[in-house]
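Below is one structure, written out as structure tokens; comments come after it.
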Amino acid sequence: AVPQFASLYVGDLHPDVTEAMLYEIFNSVGPVASIRVCRDSVSRKSLGYGYVNFHNVSDAERALDTLNYSSIKGRSCRIMWSQRDPSLRKSGAGNIYVKNLDKNIDNKALYDTFSLFGNILSCKVATDPTGNSYGYGFVHYETEEAAKQAIEKVDGMMIGEKTVQVCHFQKRDDKGDDKENFTNVYVKNFPDDWDEDKIHSTFSEYGPISSHALRKDNKGRPFAFVAFESSEAAKAAVEAIHMKPNGMDDGGEERLGPDGHPENKIYCSRAQTKSERQAELRSKFAAMDASKGGVNLYVKNLDDSIDEPTLKELFEQFGTITSSAVPLDSNGKCKGFGFVCFASPDEATKAVTEMHLKVIKGKPLYVGLAEKREARQERLRQRYSMPSGGGKGMMGGKGDKGGKGGNNPNMRGMMGMMPQQAMMGMMRPPMMGMMPQMMGKAPMPKAPMMGMMGKGGQMMPGKGGMPTMPMPMGMNPAMMMRPMGPGAMMPRPGGPPGGGQLSPAALANAPPSVQKQMIGEKLFPMISKIHPDQAGKITGMMLEMDNSELLILLDSEQQLKNK
């Protein structure tokens, strides 16, 4: 069955492959409508995949048939139909798992073997970053019948030099493992001379093993997974091997690794999900931070040449630094952010005052108090959540008169409380598609109108003492749709398009799909003053940048011109 759209997914791309390269290759098959290589939101480095959209389905089909597994910059690309229905991807229907693959079997060989049984939606051999096979792969068929036939025909067959095992793919949630009855074991910190055979012989002493795998992380450190056939065998292995000396010379000291486990002892425990492991580490590190004390600062928008000593040197003039960190990517470059922990609150306050928005290596820094993500989200939710409506909630309760409403902090919810009919009348056509999402951010009250802006920005009472508020001339419609926080100024009537500030809090409170639109509404008129002929193109290019960096540019016309 051919999809009714002409969009292709292109994976396994070399990091240096660009949209221009893909256009040159795919446009030779038929007219291309658009191309996008997906990139990291901070570093802007390629994620190794992209999408190619054709005008015609027939051209997309031809590209899939002729270009799949062709070489682009020395790497065999993997092409499949872009699957827009996530339920099909996540259901697991028609998905099979192939293990004990010969290391010489690549994506194309796997595809050629299994395409005999039906239409394949996706097919992949699991590999390390250098392209070496891990010895297993996945094939996702369009139908469950094709998957069953493939299992019946291929399971136990010789492919290359090995007899493969083929079975239905099981999602992690369906495997039935829990904290008490687990069968999968994770092992690390084992002796350097342990290979796959040694792992198998060591762990098979505790019971039959259904599969095992030896891997290396991005720093070259080995680890392994061992799947037992019974929970009892897995528990026995963990009890016997965990914390067993690995022969590493510790010089009489017990050194702890980054996760708090002794480096000279084998780690052997139940295999955890990624979310479980992250939650456990967060809890452990939070306890460590609490014991250290001090004030931790978060520093963002760092140049990629900044390392930990450089960051520490920038901030040590403000006081005693108890710790600092700069996360690096796989190429040893700064990821764009870091942390500095000061011994006292006074020192940290001075550092924030002096260093926030200071330009270092051509980039203005963001410096603020480091918060746990959950705490930050909860704080923003409580601070900028909109009132549910009603006179008391809007105007602040007894004693508040309509004429004084302009200074009431509760007025920040007013903009989200206008009746839907009035909102619809104010919307420009490009904003109409966002109505369902944006209107969902604030409940609609039964009161007809909420406030009117008089001369000088004063609130004017309407019927029954309640203010009324028409759309001021030149006001940006995107501003009408956002909650008004302390940092988000009310645009003045007759002010320039896009005038007023866009606060980080108001932006954070909006859905991710709306945030770029909000910034674009502010950015376009500013760029129009500098390059009126190319404002649209430049705005589109700049919106690829990180939101925090864009907010800094919105606050400084000079920095915007330089950019």
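Numerical summary
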{"quantity": "Sole exception among (1) modelled with pLDDT of 90 or more; (2) assigned to a loop (DSSP other than H, G, I, E, B) for LYS219, by number", "calculated": "(1)"}
{"quantity": "Every pair of residues 6+ apart whose Cβ atoms lie under 7 Å, when the first sits in region 358-385 and is among the hydroxyl-bearing types (Ser, Thr, Tyr) while the second is at pLDDT 70 or above and part of a loop (DSSP other than H, G, I, E, B)", "calculated": "TYR366/ASN301; TYR366/HIS356; TYR384/ASN509"}
{"quantity": "Filtered residues of region 1-48 (kept if within 25 Å of GLY118 (Cα to Cα) and either without any contact (Cβ under 8 Å) to a residue 12 or more places away in the chain or open to solvent by 60 Å² or more (accessible area, probe 1.4 Å) (or both))", "calculated": "ALA1, VAL2, GLN4"}
{"quantity": "ASP195 vs. criteria open to solvent by less than 80 Å² (accessible area, probe 1.4 Å) and either among the acidic types (Asp, Glu) or at pLDDT 90 or above (or both)", "calculated": "yes"}
{"quantity": "Boolean, SER115 is over 20 Å from ALA213 (Cβ atoms) and surrounded by 15 or more Cβ atoms within 10 Å (Cβ to Cβ)", "calculated": "yes"}
{"quantity": "Any hit, region 296-312, residues being modelled with pLDDT under 85 and aliphatic (A, V, I, L, M)", "calculated": "no"}
{"quantity": "Residue count for region 300-320, restricted to those that are on the phi > 0 side of the Ramachandran plot and of a type in the set (S, T, N, Q)", "calculated": "1"}
{"quantity": "Output for region 222-243, where each listed residue is touching a strand residue (DSSP E or B) at 6+ places or on another chain (Cβ under 7 Å) and either exposed (fewer than 12 other Cβ atoms within 10 Å of the Cβ) or without any contact (Cβ under 8 Å) to a residue 40 or more places away in the chain (or both)", "calculated": "PRO222, PHE223, ALA224, HIS242, MET243"}
{"quantity": "Matching residues, region 152-192, being in a loop (DSSP other than H, G, I, E, B), at pLDDT 85 or above and aromatic (Phe, Trp, Tyr)", "calculated": "PHE182, PHE190"}
{"quantity": "Complete set of residues in region 511-539 that are in a helix (DSSP H, G or I), touching a residue at least 40 places away in the same chain (Cβ under 8 Å) and surrounded by fewer than 17 Cβ atoms within 10 Å (Cβ to Cβ)", "calculated": "SER513"}
{"quantity": "Leading residue by the ranking (farthest from GLU549 (Cα to Cα)) among those in region 329-350 that are without any contact (Cβ under 8 Å) to a residue 60 or more places away in the chain and loosely packed, with under 15 Cβ neighbours inside 10 Å", "calculated": "SER344"}
{"quantity": "Of all residues making up region 74-91, the number that are open to solvent by 40 Å² or more (accessible area, probe 1.4 Å) and either modelled with pLDDT of 90 or more or aromatic (Phe, Trp, Tyr) (or both)", "calculated": "1"}
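The values are calculated or read from the model by the stated rules, or taken from the named source; none is laboratory data. Predicted model, so just to flag it, every value in this text is computed and none were measured. Heads up, the Cβs are rebuilt from the backbone with ideal geometry, glycines too, and the neighbour counts pull from every protein chain shown. Note: areas computed on protein heavy atoms with side chains; ligands, DNA, RNA excluded. Shrake-Rupley method; radii C 1.70, N 1.55, O 1.52, S 1.80 Å.
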